[in-house]
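Each value in this text was obtained by applying a stated rule to the coordinates, not by laboratory testing. Computed from a predicted model, the values in this text were never measured in an experiment. Here the Cβ positions follow ideal geometry from the backbone for every residue, glycine too, while neighbour counts run over all protein chains shown.
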Amino acid sequence: MANSKSNEQIALKPQDLVVLLRLSLEAESMPTYAALGLELGLAASKVHASLVRAQQAQLVFKDADGKPRIVREALRQFVVFGARYAFPAVRGEVTRGLPTLYAASPIKEKILAPSELPPVWPDKNGTVRGMALYPLYPNVPYAAQGNPALYELLVLFDALRAGSARERTLAQDLLNERLSA
């Protein structure tokens, strides 16, 4: 007879990775849940829930003041070696959007772009026509436009999950630099 208890496993959500990448940019102080939510286009309660899941996944710990802190090495390993499998790339049709992958910094300065339509995150305010590469969650273009450093981390993650072998290697090297302590 099967155990009547349900499986209490947690699973990270795509927006959790965006929250963690954003927090990896902080040197010391963490913004409030409300400020972070506003910046990322998420409700404060969703930011809080993301950090609870991240703590359960051992990507975050609570400091002496009870504030969440990134476990940088764990985040680096997860992003570089595991996250592309947890959050695989989903491609779509031609659309307007915000450039990503080889069409955006920091990849575009290092790799000659092919002569095809560039990959873009679909966005109604986008100015580039390209092939849809769906972001981790729908408000990523909004969050990326407000924070260039976060935009670059998200582009590098897209290179890991959807790029060519050369783009993945470049993204791994750059993410290793950026996410190391």
In nm, spacing of pseudo-spin labels at residue 124 and residue 169 (7 Å Cα→C-beta vector): 4.3 nm
Net charge of neighbours whose Cβ lies under 14 Å from the Cβ of residue 97, counting Lys and Arg as +1 and Asp and Glu as -1: +1
For the stretch 91-179, size of Cβ-based charge dipole, Lys and Arg +1, Asp and Glu -1, in debye: 140 debye
For Cα extents along the principal axes in Å, calculated from these coordinates, the label among [x] 53, 48, 31; [y] 44, 38, 32; [z] 72, 31, 22: [x]
How much length is gained on full extension from residue 110 to residue 35, taking 0.36 nm per residue of separation minus their Cα-Cα distance? 23.6 nm
Point-charge dipole on Cβ atoms (K/R +1, D/E -1) for the chain, about Cα centre, debye to 20: 340 debye
So what's the projected area for the stretch 91-179, the Cα convex hull averaged over all directions, in nm²? 5.3 nm²
Which of 66, 44, 80 sits farthest toward the positive end of the charge dipole of the stretch 14-86, with +1 on the Cβ of Lys and Arg and -1 on the Cβ of Asp and Glu? 80
For peptides 161-173, 28-40, 104-116, sequence by mean Cβ density within 10 Å, most packed first: 161-173, 28-40, 104-116
How long are the three semi-axes of the equivalent ellipsoid of the stretch 14-86, in whole Å, if each is the root of 5 times an eigenvalue of the C-alpha gyration tensor, listed from largest down? 18, 15, 11
Of 80, 19, 90, which is the most mobile in a GNM of the chain whose springs link Cα atoms less than 10 angstrom apart? 90
In deg cm²/dmol, rounded to the nearest 500, the helical mean residue ellipticity at 222 nm of the chain, built from -39500 (n - 2.57) for every DSSP H run of length 4 or more, is -12500 deg cm²/dmol
